[in-house]
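First up is the structure itself, then whatever we jot down about it.
The values are calculated or read from the model by the stated rules, or taken from the named source; none is laboratory data. These numbers come from a predicted model, not from an experiment. All Cβ positions, glycine included, derive from the backbone under ideal geometry; neighbour counts span all protein chains shown.
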Amino acid sequence: MAVCSEHTGEGLVGFCLECNAAVCPVCVGLLHKSHRTAPLKDFIAGFEDNIHAVEQRNHATLAQLEALEAALPGEAVNLHRYIDVSTDRLFAQLKLKGQELLSLIHISEPTRLLSISYAVFC
C-alpha cells in the first residue's frame, strides 16, 4: 500500500478531486476537509474504466484506418480511370468546338471577301 508523504505511516485511502492528489485519512480531515474526495479504490477503478474505453476507441479507429489504407490502391485506380475518361471527353469536346470554329471561319471568309469585293468594285 502507498503511504502519505506528509503523514508518516498513513496509507493513501482517497483521492481529492479538486487537488488531483491521493490523500490519507489525516489529509482528508485537515487539508482537504472542504474538498470533494472519492475512495482511492473507486477512483482507480473509474480511471481504469476510462483507459479501457479509450483503448477500445483507439482499436476501432485503427481498424477504420487500416480499412481505408487497404482501399487506397483501388481508389487510386478508380481516380486514374476517372481522370482518363474526363480528359478524353474534354479533348473530344475541344475538337468538336475547333471544327465548329473552322467551319464558321470558312463560311465567313468568302462572305467577307464578297462584301469587300462589292465595296471596292461597286
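Select from region 29-57 the residues that are surrounded by 14 or more Cβ atoms within 10 Å (Cβ to Cβ), modelled with pLDDT of 90 or more and part of a helix (DSSP H, G or I) and list them in ascending order.
Matches in region 29-57: LEU40 only.
If you go through region 12-71, how many residues are in contact with a Ser or Thr (Cβ under 7 Å, 6 or more places away or on another chain) and aromatic (Phe, Trp, Tyr)?
Result for region 12-71: 1.
Let me confirm something: among ALA22, ALA2, which residue is surrounded by 14 or more Cβ atoms within 10 Å (Cβ to Cβ) and of a type in the set (Gly, Ala, Ser)?
Numbers: ALA2 fails: surrounded by 14 or more Cβ atoms within 10 Å (Cβ to Cβ).
Just one listed residue meets the conditions, ALA22.
Report the residue count in region 46-66 for those that are over 26 Å from GLY14 (Cα atoms) and among the small types (Gly, Ala, Ser).
Result for region 46-66: 2.
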